[in-house]
1. List the number of the failed condition for GLY731; all other conditions in (1) under 23 Å from CYS841 (Cβ atoms); (2) touching a residue at least 60 places away in the same chain (Cβ under 8 Å); (3) open to solvent by 20 Å² or more (accessible area, probe 1.4 Å) hold.
2. I'm trying to understand the selection: among the residues of region 145-161, which are open to solvent by 40 Å² or more (accessible area, probe 1.4 Å), without any contact (Cβ under 8 Å) to a residue 60 or more places away in the chain and either part of a strand (DSSP E or B) or among the β-branched types (Val, Ile, Thr) (or both)?
3. When only residues in region 175-193 that are within 23 Å of ASN136 (Cα to Cα) and more than 27 Å from the chain's Cα centre (by Cα) count, which is least open to solvent (accessible area, probe 1.4 Å)?
4. Give the residue, chosen from TRP457, TRP445, that is in contact with a Pro (Cβ under 6 Å, 6 or more places away or on another chain) and either in contact (Cβ under 8 Å) with a residue 24 or more places away in the chain or within 30 Å of ARG380 (Cβ to Cβ) (or both).
5. I want to confirm something. Restricting to region 457-478 and keeping residues that are of a type outside the set (Val, Ile, Thr) and open to solvent by less than 30 Å² (accessible area, probe 1.4 Å), which single residue is nearest to the chain's Cα centre (by Cα)?
6. Quick test for you: out of ALA213, ALA206, pick the one residue that is at pLDDT 90 or above and within 31 Å of the chain's Cα centre (by Cα).
7. Of the numbered conditions (1) within 30 Å of GLU515 (Cβ to Cβ); (2) in a strand (DSSP E or B); (3) of a type in the set (D, E, K, R), GLU621 satisfies every one except a single condition; which is it?
8. Counting just the residues of region 460-501 that are without any contact (Cβ under 8 Å) to a residue 40 or more places away in the chain and of a type in the set (Gly, Ala, Ser), which one comes out farthest from LEU563 (Cα to Cα)?
Amino acid sequence: MVPLLQQHIGIGISHAANSITITTDPSPRPPPPLLRLHPQPRRRRHAPAKPIALYTNCKCASAAASVEEDDVAGLGYRHPPKQIQEILDVPPNPSYLISPRRDRIMFLKRTAMPPLSELTKPENVLSGIRIDPGSNMRSRMSFYTGITVHDLMANGTLGPAKEVHGYADGAKINFVTWSPDGQHMAFTVRYKDKVDNSVNLSLWVANAESGEARPLCISEDIRLNAIFELFVWVNDSTVLVCTIPSSRGCPPKKPLVPFGPRIRSNEHKNVVQMRATKEMLKDLHEEELFDYYATSQLILLSLDGTVKPIAPPAIYTALDPSPDEKYLMLTSVHRPYSSTVSYKRFPKKVELWTVDGTFIREVCDLPLAEDIPITSGSVRKGKRLIRWRPDMPSTLYWVEAQDGGDANVEVSPRDIVYMELADPLNGEEPQVLLKLDLRYRRISWCNGSHALVYEHWYKTRRTRTWVISPDCKDVSPQILFERSSEDAYSNPGSPMMCRTPAGTFVIAKIKTNYEGTYILLKGKGATPKGSTPFLDLLNINTGVKERIWESSKEKYYESVLALMSYNPKCEIQLNHLKLLVSKESRMEPTQYYIKAWPDKNQVQITNYSHPYPQLALLQKEVIRYQREDGVKLTATLYLPPAYDPSKDGPLPCLIWSYPGEFKSREAAGQVRRSPNKFARISSNFPLLWFAILADPTIPIIGERDQEANDRYIEQLVASAEAAVNEIVRRGVAHHDRIAVGGHSYGAFMTANLLAHAPHLFCCGIARSGAYNRTLTPFGFQKEVRTLWVATDTYIKMSPFMSANKIKKPILLIHGEDDSKVTTAMQSSQFYDALKGNGVPCRLVILPFERHHYVARESVMHDQVIYMDRIKVITCWLQHCFC
């Protein structure tokens with residue numbers, strides 16, 4: 001057998017000797033700073049049976065002892081071999097932004113992983129957001145390192161790269177946008193203050209033709225406020241910017257002696273149910289900090305440097321200029337605040353102003369919304385989702401719930417969509433656009449004759465798409481599609497959008513030789529044989545579709561990304577159609593192409609090399625099997641290059657998954673992936689192992705009026721058992737050498753499988769999980785019943801309650817600053833419960849990390865565990881049990 005990635009990650013397998021040898025970097029690899037270890041089970045009256053050893057050579061004991069000695073030393077982070085670090089350090093391919101007129105493409109360079117030092121900077125956690133007080137922006141924002149611009153030539157090729165220049169080397173770039181006419185780009189650059197060395201933001205503008213960039217405002221008195229929306233283009237030469245008020249002084253200091261006790265009360269017997277979070281405002285001092293950092297003064301900033309303040313200071317969360325560039329819709333939040341909900345539910349005011357600074361009217365002022373029910377489909381009372389109609393100069397539309405926002409209330413209609421002019425004439429009342437019996441989702445606008453309205457109801461998974469004529473009152477709405485949102489096979493796709501000269505997006509109208517109005521629908525094309533993306537030509541009047549393009553099925557996975565044809569009226573001749581498409585295969589990374597009609601010829605515009613050629617021959621297969629009750633399941637199997645189970649025998653295997661909830665067996669069994677997609681290594685996914693069964697479907701099905709979670713354990717075990725049986729049947733794994741792992745709800749799954757199906761797995765890896773559902777009493781995942789309504793379900797689903805049933809080794813990993821319901825306390829308490837029951841376990845707390853791990857040190861340490869899993873768990877545990 002060809003050794004498994006032997007020359008690259010130092011792992012070789014010799015089945016003749018019935019042993020596994022792992023060669024790694026000889027330098028010491030101490031564990032992370034926070035690690036709790038319980039390798040030795042408590043003494044019991046009857047000694048537990050020894051687990052099956054995956055290491056049978058004489059090096060096992062010494063290796064395990066070495067691991068344990070490193071654990072005790074607790075000296076720091078561990079690092080994989082240099083070859084592995086090189087793979088994980090590969091930066092992602094650049095992002096792209098297409099110019100409004102589709103004549104240029106901007107590529108934005110990115111980095112791989114930030115150092116841990118980036119995560120250690122001070123931050124304030126206020127009302128659901130994390131603020132970097134030094135730069136007055138969200139903390140830990142990723143950034144771009146460079147910008148290049150290419151002209152798109154008539155033949156589909158790209159012109160020479162023009163590097164945007166003028167800023168200092170090593171700049172951190174954010175908030176990159178095109179001007180509406182595509183002649184300029186605006187973006188921010190982070191720089192250090194000359195006085196106090198703090199990091200500030202500077203707004204820059206670059207010429208698209210030359211690439212020359214310059215600061216848009218050089219006044220040191222103007223500082224940007226990027227807590228919420230930072231800036232928007234109002235027209236081709238002016239941006240509306242959120243800045244720090246000039247009167248703002250130093251941050252309010254927390255009093256050494258509290259003003260008084262913290263008091264929370266509910267004398268009015270309000271029903272307020274919120275899923276657990278630890279980031280809400282805690283006291284008056286935090287309310288003052290929220291005001292201090294979030295309050296902005298708006299200014300209009302022209303390309304010539306002219307500055308004009310507009311509107312009073314407020315906590316502006318959204319800035320929306322009208323398509324005709326006459327009005328500004330400003331959304332802000334205000335007091336009274338809440339210690340229960342985030343800023344998204346604070347009192348919200350929407351106002352209309354003219355671009356020259358004249359107040360027009362108040363659209364709405366919504367009260368504090370603490371009482372939105374937790375039932376899926378429940379929404380805020382009053383006007384919501386207020387938007388500009390993109391195909392009209394200055395017309396607003398919005399939605400209002402008729403059920404009080406409570407999805408438990410039976411009412412018809414449930415939602416009403418309204419529309420009115422920005423400045424109504426003679427007290428004109430809003431126009432009713434459409435009444436819906438399900439919950440409104442969105443509108444895709446085309447013109448006054450056609451628009452698509454989408455509604456959905458989660459409990460039944462029903463979704464409808466309506467065709468309406470917004471400016472033709474005598475034309476009745478018609479249902480275009482009605483289907484189950486879970487049914488991937490019947491998904492018709494979404495309309496291709498075209499950018500207007502005003503910078504808004506509307507549905508592109510396709511001109512053909514046929515009668516009627518035609519649009520394009522692009523979809524993922526899920527089929528029983530795998531996803532095959534498509535492009536359909538749809539007659540919006542009759543609903544008749546014609547497939548005009550489909551991805552290759554044999555080798556490549558192709559997907560339509562964007563419309564590249566430009567017409568000011570958004571009317572595209574079918575024979576002049578141009579698309580941006582992506583193309584990839586199992587062994588070839590994603591490349592971008594321009595595909596042109598009528599011949600459908602395509603021109604490649606990128607030539608990215610394989611990010612890790614040492615893994616180019618990795619075997620990948622989408623496999624199908626079924627569980628005992630007949631539900632069809634799908635998984636992706638990764639195997640070493642040149643590996644042949646008939647010759648080389650079974651490998652140690654890791655099953656990595658995440659459960660999903662469905663209303664029907666048919667939908668649960670559908671294939672939603674492609675065997676032809678390129679396998680990109682992610683810092684959050686352990687691809688560097690022996691054999692990987694990735695994302696096997698673990699459907700939890702609740703048909704009709706059944707609650708899916710009432711049979712969670714039964715279906716979880718059945719799905720896992722089917723996956724194990726399939727890889728054993730194929731000869732790629734052995735029953736006693738299969739591990740299970742997952743992140744978040746996948747970690748919850750892992751712990752439950754070790755508790756309720758100990759015969760299936762030799763060990764488990766659980767990252768960022770929540771294990772005690774009594775600590776999330778108002779629902780979790782798709783569960784909307786409370787702990788007091790479904791007590792038995794909460795208890796049975798909690799692996800914390802079954803800690804005494806777990807016998808196999810389990811590794812718990814958690815980010816110290818995880819602010820979701822999966823707080824680090826969940827892993828810590830679960831570890832204590834496991835240890836208290838003599839379960840062999842390990843807890844790794846990653847400092848400064850949140851729910852997902854981003855720092856290079858954390859990722860490298862994590863990947864050591866993935867790559868070296870057998871050594872750090874199985875070998876270590878064999879030593880402990882010996």
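The values are calculated or read from the model by the stated rules, or taken from the named source; none is laboratory data. From a predicted model like this one, the values you see are computed outputs, not experimental measurements. We place every Cβ from the backbone using ideal geometry, glycine too, and count neighbours over all the protein chains shown. Accessible surface is based on the protein model in full, side chains and every heavy atom, while ligands, DNA and RNA are left aside. Shrake-Rupley method; radii C 1.70, N 1.55, O 1.52, S 1.80 Å.
1. Exception for GLY731: condition (1).
2. THR145, ASP151
3. In this case the residue turns out to be ASP193.
4. Step by step, each of TRP457, TRP445 is checked, and only TRP445 is in contact with a Pro (Cβ under 6 Å, 6 or more places away or on another chain) and either in contact (Cβ under 8 Å) with a residue 24 or more places away in the chain or within 30 Å of ARG380 (Cβ to Cβ) (or both).
5. ARG461
6. That would be ALA206, the only listed residue that is at pLDDT 90 or above and within 31 Å of the chain's Cα centre (by Cα).
7. GLU621 satisfies every listed condition except (1).
8. Ranking the candidates gives SER476 first.
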